[in-house]
1. Consider only pairs whose beta carbons are under 6 Å apart and that are at least six residues apart or on different chains; among these, list those whose first residue lies in the range 151-178 and is within 25 Å of ILE109 (Cα to Cα) and whose second residue is assigned to a loop (DSSP other than H, G, I, E, B) and modelled with pLDDT of 90 or more.
2. Would you please list the contacts, defined by Cβ atoms under 6 Å and residues six or more apart or on different chains, that run from a residue in the range 134-148 that is farther than 20 Å from ARG216 by Cβ to a residue that is small (Gly, Ala, Ser) and crowded, with 16+ Cβ neighbours inside 10 Å?
3. Can we say PHE99 is over 21 Å from the mean Cα position of the chain (by Cα), closer than 24 Å to LEU185 by Cβ and outside any helix (DSSP H, G or I)?
4. With respect to ALA18, determine if the residue is within 29 Å of PRO190 (Cα to Cα) and among the aliphatic types (A, V, I, L, M).
5. Out of the range 1-32, which residues are under 18 Å from ALA239 (Cβ atoms) and part of a loop (DSSP other than H, G, I, E, B)?
6. Mind listing whichever residues of the range 110-156 are surrounded by fewer than 14 Cβ atoms within 10 Å (Cβ to Cβ) and not in a helix (DSSP H, G or I)?
7. Given (1) under 21 Å from PHE198 (Cβ atoms); (2) surrounded by fewer than 15 Cβ atoms within 10 Å (Cβ to Cβ); (3) within 18 Å of the chain's Cα centre (by Cα); (4) of a type in the set (A, V, I, L, M), where does LEU70 come up short, assuming only one miss?
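The values are calculated or read from the model by the stated rules, or taken from the named source; none is laboratory data. The structure displayed is predicted, hence computed values, not measured ones. Glycine also receives a Cβ, built like all others from the backbone with ideal geometry; neighbour counts cover every protein chain displayed.
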Amino acid sequence: MTPRRKGWAILFLLSAGAMTMVVPFIWMILSAFKPNSEILQIPPTILPEVWTLDNFRRVLFEIDFARFFLNSLFLATLKTAIIVYTSALAGYLLSKFTFPGQRWLFYLILATMMAPWPVTIIAQYQQMVWFGWLDSYTALVVPVMMNSFGVFLMRQFMMGIPSELIDAARIDGASEFRIFHWIALPLSVPALSALGIFIFLWSWDDFLWPYLMISRQEAYVLPVGLSLLQGRFATDYGAVFAGMSITIVPVLVAYAILQRKFIEGMTFSGGVKG
């Protein structure tokens, strides 16, 4: 195969993959403007035959959407801030210090990434019962304060920070606390931004654990609150699609703001550019 044909083949495969991911997303947004009868009709339509905003009105006024939205925003922001900080701290420790058992500790962290979360869900639920944290936000925040993927990402990125910078700061008498906050963290902004987007997206979309932990409706997060639109015998698909379309706005805004840093963080370009 000639290089030109190879390039066209790669472009075709990438375009097909992109369409596979984008088409359902576009269909969801367009369906938010359709009445339920049109959403369920066969053959389905792409563009709405009848444009309507009733779905958005039902989402905003039939459920306490604003409260659910603020609950999700608060929890996602809090968990993102905590996980990003603890991951950076652990990554700095594992990349710039040498101590007995360091390698095995890192392997243990990697091993936790390989265990599917549903395997541990029963044990975690029982722990929340023992601690008396059911129906509280403590059960949503404390178990996720450390994230193995975040530790791995930050450790790999901070290994690119020249050790000479750290040693020079130590010689000048700077404490490890100061070195971490004034040297390691500023140089790790790309990785911190990438990790922040991943964690915020995961926290924002989390459904199962908040569904198990929280029983008070006023404390619901947005994914759980949207489940109120699904009845026992019928589902308001138009309202569900409208609610889902609104929920993606904060994630898109966060990505638009941090896009450049996100790409830099994913390239593992290192802490310092020479």
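1. Between residues of the range 151-178 that are within 25 Å of ILE109 (Cα to Cα) and residues that are assigned to a loop (DSSP other than H, G, I, E, B) and modelled with pLDDT of 90 or more, there is no close pair.
2. Sorted first by the residue in the range 134-148, then by its partner, the pairs are ASN147/SER87.
3. Working: over 21 Å from the mean Cα position of the chain (by Cα): yes; closer than 24 Å to LEU185 by Cβ: yes; outside any helix (DSSP H, G or I): yes.
So PHE99 passes the test.
4. Taking the combined requirement at face value, the residue satisfies it.
5. Within the range 1-32, ALA32 is the sole residue that qualifies.
6. Matches in the range 110-156: ALA115, PRO116, GLY132, ASP135, MET145.
7. All conditions pass for LEU70, except number (1).
One line per residue, one yes/no per condition, for (1) part of a helix (DSSP H, G or I); (2) at pLDDT below 90; (3) among the aromatic types (Phe, Trp, Tyr):
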{"position": "LYS34", "(1), (2), (3)": "no, yes, no"}
{"position": "PRO43", "(1), (2), (3)": "no, yes, no"}
{"position": "ALA66", "(1), (2), (3)": "yes, yes, no"}
{"position": "THR80", "(1), (2), (3)": "yes, no, no"}
{"position": "LEU93", "(1), (2), (3)": "yes, no, no"}
